[in-house]
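Before any comments, here is the structure.
Derivation of every value follows stated rules applied to the coordinates shown; laboratory data play no part. Small disclaimer: the values here were computed from a predicted structure and weren't measured. Counting neighbours? That spans all protein chains shown, and the Cβs are built from the backbone with ideal geometry, glycine included.
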Amino acid sequence: MQSAYIVGAKRSIVSPINGPLSSLKINELAAPVINNLIETSGIKFDDVDELIVSNALGAGGNPARSIALASKLPERVAGLSIDRQCVGGLDAILLGIKLVQAGSANIVVAGGVESFSNRPIRLAQEYDKILVPYDAPAFTPNLYQEIQMAEAAFNIAEKFGFTQMDQDMFAVNSHVNALKSKKYLIDEIVNIGPENTLFDPYARNLNLKLCERAPKLFGSITYANTAISADAASFVVICRNIIKGRKALKLISGATVGANPKLPGLAPITAIEEVFQASGLRQKNINQVEVMEAYASQAMACLSESGLGNAKTNPKGGALARGHPIGASGTILVTRLFSDLSPGDLGLAAIAAAGGIGSAAIFGCYD
């Protein structure tokens with residue numbers, strides 16, 4: 001098996017739906033991030049073998065091909081699109097690493113892109129019935145028995161005894177960390193929007209009083225302790241060899257698992273267990289955790305049940321303070337690790353998806 005290293009990671013800002021990036025289609029979001037990534041990673045465009053793109057809200061087709069053609073990648077890069085919803089951005093990276101490890105490619109660009117602002121509305125047609133518009137597909141066999149995500153997050157809060165104040169405090173802390181880190185994040189962000197913004201605009205001076213006023217989604221789940229829908233792109237470049245003088249991440253262990261679709265937010269717990277078992281590492285070995293904050297209750301449960309409650313988690317803020325661009329969110333977690341980890345450090349990324357899917361990965365940092 002060949003070696004595989006992440007030698008660069010970049011992202012756009014995470015823009016709330018109908019925010020600064022709302023005028024950009026997914027090609028326009030992704031291509032400039034990919035171009036900047038290659039130009040700053042010491043890689044030649046002509047040396048890239050494949051592009052893997054996670055996208056959850058597109059209306060089919062092969063957006064990876066369209067993005068490849070919109071970028072400076074060579075025409076021979078075919079482009080591979082995947083849809084695993086929220087975990088897709090991390091899984092695109094895991095797939096790209098496997099391609100390089102297998103010797104099927106030398107250099108792969110992998111990541112995700114999402115535009116909630118430009119998501120298509122689809123029409124469902126059953127035999128002899130009227131057309132029904134929808135903007136989200138079914139994630140289980142019976143759409144009418146499918147639990148809504150906010151309700152599932154509430155059930156997690158009830159299961160683990162998280163009060164609304166507990167969840168709101170978690171959200172407030174995410175915003176505090178994000179606001180403190182604006183200048184630091186500039187190095188990982190590519191300016192692609194018309195407003196010349198180099199920081200995530202959603203983070204604010206949130207406090208418990210403001211949280212109390214937030215509209216409720218379901219029980220203790222409110223707009224304050226839920227990640228807002230967002231637009232963004234994030235990609236990494238994976239090579240067979242470390243580039244001299246540059247930092248790199250190497251996958252230690254990665255896993256994607258299925259779990260109870262009625263409590264989808266808990267699926268990363270099993271994935272985290274698997275990566276620890278496969279690697280022989282323990283929670284105390286991890287220097288930083290980047291966990292997806294789709295809902296405060298979901299992130300809190302994953303951390304506590306995985307024994308990571310005391311770990312350095314989302315130190316520059318999480319999705320509660322940025323937003324959730326579904327197909328890109330998993331890649332953003334890895335981009336955060338790439339920016340923060342120092343040689344010798346270990347980092348863990350974990351994320352859940354609708355339908356009861358969880359992905360996790362442990363990376364080591366090298367120079």
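Numbers for the structure displayed
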quantity	calculated
Mean Cβ neighbour count within 10 Å, used as a protection proxy, ranking 293-305, 153-165 highest first	293-305, 153-165
3J(HN,Hα) from dihedral phi, the stretch 284-297, Karplus parametrisation 6.51/-1.76/1.60, rounded to Hz, x for glycine, proline	5, 7, 8, 7, 8, 10, 10, 10, 5, 9, 5, 9, 4, 4
Three-way shape call for the chain based on the alpha-carbon gyration tensor, with the a/c threshold at 1.5	rounded
Cut-off under 5 Å, modelled amide H: who pairs with Thr313 long-range	Val289
DSSP beta bridge pairing in the stretch 249-367, given as percent antiparallel to the nearest 5	75
Helical mean residue ellipticity (222 nm; -39500 (n - 2.57) per DSSP H run of 4+; nearest 500) of the chain	-9500 deg cm²/dmol
Phi-based couplings in Hz for the stretch 30-37 (Karplus 6.51, -1.76, 1.60; Gly and Pro marked x)	7, 4, x, 5, 4, 4, 5, 4
Packing-based exposure ordering (other Cβ within 10 Å, fewest first) of Met1, Met169, Met292	Met1, Met169, Met292
Packing-based exposure ordering (other Cβ within 10 Å, fewest first) of Glu75, Glu274, Glu50	Glu75, Glu274, Glu50
Rounded FRET efficiency, nearest 0.05, which uses the C-beta distance separating Gln283 from Ala78 and R0 of 41 Å	0.55
Long-range HN-HN contacts of Asp231 with modeled amide H, under 5 Å	Ser15, Ile17, Phe116
DSSP bridge orientation in the chain - percent antiparallel, rounded to nearest 5	75
